[in-house]
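A.B. asks: Below is a structure I'd like to ask you about.
The values are calculated or read from the model by the stated rules, or taken from the named source; none is laboratory data. Just so it is clear, the structure is predicted and the values come from calculations on it, not from any experiment. Cβ coordinates were reconstructed from backbone atoms using ideal geometry, including for glycine residues, and neighbour counts include every protein chain displayed.
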Amino acid sequence: MFKKLSISAISALAILLSGCAGAPTKKLDASSKSGIKSVAVKPDAPLPPEMFYQGRAQSIGLGIGGLIGHAIAQGMTSDKDIIQQTLKTNQINVGEIVAHSFTSQLRESGKFPLADGSTPGDARFEFEVVMYGLGQTQGFASTLYPTIGVNGALKRPDGTVLWQRYEYITPLNKENTIGAEPEAYAKDPELLRQAFTKAAAALTKLFVDDL
């Protein structure tokens, strides 16, 4: 049963990520890239209405299955509610964290000059967070790590898509190193912010490396 719980937790996250509305990949061709003198980055990214949460209660529910397992998972969701409230109260916006992380890494890469605030640039990077939340590395783990799935696109002012890609980070990514139990996140909101910031940095590096 222990093995089943571990596999169920990981499988649930994998299925969710693969089933997310990931944008089809479009590579940035050389001619389009050479014609871009400066770019802007939209400073935020829309979020889905609900965050993903895979804690011990949810894993137990998945492992047991059926009506009993569903009842267990549904009856032990207070940790998710607490995390959601912590994010809201402390203005921890994962969409803004993703956009800010990408902007910083793009600037450091030197791949595109960033337009100043008075000009829109020749094209703009836009992001959409299609999934975010916390999950386990295995079924009985109490330590939770961020998971984020994001659509990214580079568009001209007329809406023409020059580049597009979907990337995600899970608790199993080696770069995703900041994790804690739900109670610790609730007591220290900055730890929760740092965890999502670290995960977002790993994710947005994948975007920048693809340009």
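A.B. asks: Kindly indicate whether any position in segment 32-48 is over 30 Å from Thr160 (Cβ atoms), modelled with pLDDT of 50 or more and not in a helix (DSSP H, G or I). Walk me through it before giving the result.
C.D. replies: We begin by selecting, within segment 32-48, every residue over 30 Å from Thr160 (Cβ atoms); these are none.
Within segment 32-48 (the criterion being over 30 Å from Thr160 (Cβ atoms), modelled with pLDDT of 50 or more and not in a helix (DSSP H, G or I)), the answer is no, since none of the residues qualifies.
A.B. asks: Okay, next question. Is it the case that Thr89 is of a type in the set (Ser, Thr, Tyr) and closer than 30 Å to Asp79 by Cα?
C.D. replies: yes
A.B. asks: Only residues that are touching a strand residue (DSSP E or B) at 6+ places or on another chain (Cβ under 8 Å) and either free of Cβ contacts under 8 Å to residues at least 40 places away in the same chain or surrounded by fewer than 21 Cβ atoms within 10 Å (Cβ to Cβ) (or both): list them for segment 189-203, please.
C.D. replies: Once the filter is applied, which keeps residues that are touching a strand residue (DSSP E or B) at 6+ places or on another chain (Cβ under 8 Å) and either free of Cβ contacts under 8 Å to residues at least 40 places away in the same chain or surrounded by fewer than 21 Cβ atoms within 10 Å (Cβ to Cβ) (or both), segment 189-203 yields Leu191, Lys198, Ala202.
A.B. asks: Determine which member of the set Leu192, Leu154, Leu172 is at pLDDT 95 or above and in contact with a helix residue (DSSP H, G or I) (Cβ under 8 Å, 6 or more places away or on another chain). Talk me through it step by step, then tell me what you get.
C.D. replies: Numbers: Leu154 fails: in contact with a helix residue (DSSP H, G or I) (Cβ under 8 Å, 6 or more places away or on another chain); Leu172 fails: at pLDDT 95 or above.
After ruling out the rest, the residue left standing is Leu192.
A.B. asks: Taking segment 122-180 as the region of interest, how many residues are more than 20 Å from Thr197 (Cβ to Cβ), without any contact (Cβ under 8 Å) to a residue 60 or more places away in the chain and of a type outside the set (S, T, N, Q)?
C.D. replies: Looking only at that region, the number is 5.
A.B. asks: Mind counting the residues in segment 176-210 that are closer than 16 Å to Asp79 by Cα, small (Gly, Ala, Ser) and part of a helix (DSSP H, G or I)?
C.D. replies: So the count comes out to 2.
A.B. asks: Go through segment 83-117 and give me each residue that's part of a loop (DSSP other than H, G, I, E, B), of a type in the set (A, V, I, L, M, F, W, C) and modelled with pLDDT of 95 or more. Show your work before the answer.
C.D. replies: Just the residues of segment 83-117 that are part of a loop (DSSP other than H, G, I, E, B), to begin with: 90-93, 110-113, 115-117.
Within this subset, residues satisfying the condition of being of a type in the set (A, V, I, L, M, F, W, C) are 92, 112, 115.
Answer for segment 83-117, where residues must be part of a loop (DSSP other than H, G, I, E, B), of a type in the set (A, V, I, L, M, F, W, C) and modelled with pLDDT of 95 or more: Ile92, Phe112.
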